[in-house]
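The structure appears below as structure tokens.
Values in this text are rule-based calculations from the coordinates and carry no lab data. Model, not experiment: these values are computed from the prediction. Using ideal geometry, Cβ is built from the backbone for each residue, glycine included, and neighbour counts are taken over all protein chains shown.
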Amino acid sequence: MADKNMKVFENVPGPYFVDTECIACELCVDGAPNHFKMVDNKDNMPHACVFKQPENDEEKENCEDAMGACPVDAIGDNG
Ligand code: SF4
């Protein structure tokens, strides 16, 4: 289960977030490209973040699917 106390700082505020367990597999970006993107900071490992929170049921479903697909449970919805 993703830990809201371990969020990567690039997430925008809101319920959905990526935490530091992300292994940069890019599945969430492929599945929900309107909400997740990869970031690659020089002093950090590449990882995903949430750049746009869902605003309707369809978008929420996309984010839920991405959360379910994450192989390391690095996506949370209780941020
Ligand atoms: S699916 Fe999970 S591990 Fe893969 S990039 Fe997204 S948050 Fe990271």
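For a quick check of your reading of the filter: which GluC sites (Glu not before Pro) in the range 34-71 sit in a DSSP loop and have no more than 14 other Cβ atoms within 10 Å? Can you show the working numbers first?
Working: sites: E55, E58, E59, E61, E64; in loops: E55.
Listed in order of number, the matching sites are E55.
Each eigenvalue of the Cα gyration tensor of the chain, multiplied by 5 and square-rooted, gives one semi-axis; in descending order these are 18, 13, 12 Å. Restricting attention to the range 4-76, the count of lysine pairs at 8 or more positions apart or across chains with alpha carbons under 17 Å apart stands at 6. Placing unit charges on the Cβ atoms of the charged side chains and taking the dipole of the chain about its Cα centre, the candidate lying farthest along the positive direction among M67, N56, Y16 is Y16. For the chain, the longest principal axis of the C-alpha atoms and the axis of helix 57-69 are separated by about 40°. Placing dummy labels 7 Å off each Cα toward the beta-carbon, the span from N34 to D77 is 1.7 nm. Length gained on full extension, A69 to C25, computed as 0.36 nm times the residue gap minus the Cα-Cα distance: 14.8 nm. Between M45 and V12, the FRET efficiency from the beta-carbon distance, with R0 = 22 Å, is close to 0.65. Assuming charge only on the beta carbon of Lys and Arg (+1) and of Asp and Glu (-1), the dipole of the range 4-76 about its Cα centre is about 320 debye to the nearest 20.
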